[in-house]
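The values are calculated or read from the model by the stated rules, or taken from the named source; none is laboratory data. Predicted model, so just to flag it, every value in this text is computed and none were measured. As a convention, Cβ positions derive from the backbone with ideal geometry for all residues, glycine included, and neighbour counts pool all protein chains shown. Just the protein is used for accessible areas: all its heavy atoms, side chains included, with ligands, DNA and RNA removed. Shrake-Rupley method; radii C 1.70, N 1.55, O 1.52, S 1.80 Å.
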Amino acid sequence: MKNIFVVVGGGRPKGNTMQLVEAFIKGAEEAGHSVEKVSLLKTEVKGCLGCNACRYDKPCIQKDGFNELIPKIKKADLIVFASPLYFWTISSKLKAFIERFYCIAQEDPNPPMGRYEKYPVKDSALLMTSADNFFWTFEQAVSYYQFALVNYIGFHDKGMLLAGGCGDTNGKPQIDQTEHLKKAYEFGKTIYSNSIIQ
Ligand SMILES: Cc1cc2nc3c(=O)[nH]c(=O)nc-3n(C[C@H](O)[C@H](O)[C@H](O)COP(=O)(O)O)c2cc1C
């Protein structure tokens, strides 16, 4: 059984994204996995300042919630990145969280081409919601996930659930009128028993 760490990059507290996350967690827990969830609405994580203190064995100069998340990142077998689609990509809160991986990178004397340091090797998944539901709606978010998280940091992708057509934020969340919650539950339940990308 796996340790799963779900990072929710904002969205409304009971909105589409949180409902998608909760359905995924229900499935994962029923499959016997241990799940911990953090909302970046409650735990503030600021973006990297590029001061490079961390490259000289100094702690990160940002004083925020990231420090308390480091043990959770290290313990996790799987990190689930969850976000509403904001301006065609992940939320700034989730991006800030990802930027802070810079301070947990380790020196790699022999990095593969295009990578400069080592990161903890983990599985990953992406859960997102949006108002629109075109074939290109999630293109930039998926491109960032695949390029930065999978290709660069080195996560092993376990799949994505891209929940389009959930309605805009000028009204009640509408994800319960779609099939996405059922799919998220199944995704959580089967994430370590098959490798179908959803
Ligand atoms: C600042 C902002 C930007 C958004 N940008 C997009 C967008 O680019 N494309 C889209 O389809 N929906 C966009 N939306 C709609 C949300 O992605 C969608 O309503 C989402 O399900 C909201 O998640 P929540 O209910 O968890 O808050 C945007 C909403 C906000 C508030």
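Here are some notes:
- In segment 150-173, the residues that are touching a Leu at 6+ places or on another chain (Cβ under 9 Å), within 14 Å of the ligand (Cβ to nearest atom) and of a type in the set (Gly, Ala, Ser): Ala163, Gly164
- Residues that are part of a strand (DSSP E or B), open to solvent by less than 60 Å² (accessible area, probe 1.4 Å) and not small (Gly, Ala, Ser) within segment 129-161 comprise Thr129, Asp157, Lys158, Met160, Leu161, listed in sequence order.
- The selection criterion, being touching a strand residue (DSSP E or B) at 6+ places or on another chain (Cβ under 7 Å) and away from the ligand (no atom under 16 Å from the Cβ), does not hold for Phe147.
- Exactly one residue out of Glu107, Glu68, Glu99, Glu30 is more than 16 Å from Lys122 (Cβ to Cβ), of a type in the set (Asp, Glu) and in contact with a Cys (Cβ under 6 Å, 6 or more places away or on another chain): that is Glu99.
- Criterion (closer than 26 Å to Ser193 by Cβ, within 16 Å of the ligand (Cβ to nearest atom) and not acidic (Asp, Glu)) met by exactly one of Ile73, Ile25: Ile25
- Residues satisfying the stated conditions in segment 37-59, i.e. closer than 13 Å to Gly10 by Cβ and either open to solvent by 80 Å² or more (accessible area, probe 1.4 Å) or out of contact with any strand residue (DSSP E or B) (no Cβ under 8 Å at 6 or more places or on another chain) (or both): Leu41, Lys42, Thr43, Glu44, Val45
- Of the residues making up segment 182-198, just one is within 16 Å of the ligand (Cβ to nearest atom) and buried (at least 19 other Cβ atoms within 10 Å of the Cβ), namely Ala184.
Results for (1) part of a strand (DSSP E or B); (2) closer than 26 Å to Cys103 by Cβ; (3) in contact with a helix residue (DSSP H, G or I) (Cβ under 6 Å, 6 or more places away or on another chain), shown as yes or no for each residue.
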position	(1), (2), (3)
Arg12	no, no, no
Gln19	no, no, yes
Gly32	no, no, no
Val35	yes, yes, yes
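- Looking across segment 166-181, the residues that are open to solvent by 30 Å² or more (accessible area, probe 1.4 Å) and touching a residue at least 12 places away in the same chain (Cβ under 8 Å) come down to Asp168, Thr169, Pro173, Gln174, Asp176, Thr178, Leu181.
- Applying a threshold of 7 Å to beta carbon distances and a minimum spacing of six or more residues, or different chains, the list of pairs starting in segment 1-23 at a residue that is of a type in the set (S, T, N, Q) and ending at one that is near the ligand (Cβ under 8 Å from one of its atoms) and part of a loop (DSSP other than H, G, I, E, B) reads Asn16/Cys166; Asn16/Pro173; Thr17/Gly11; Gln19/Pro173.
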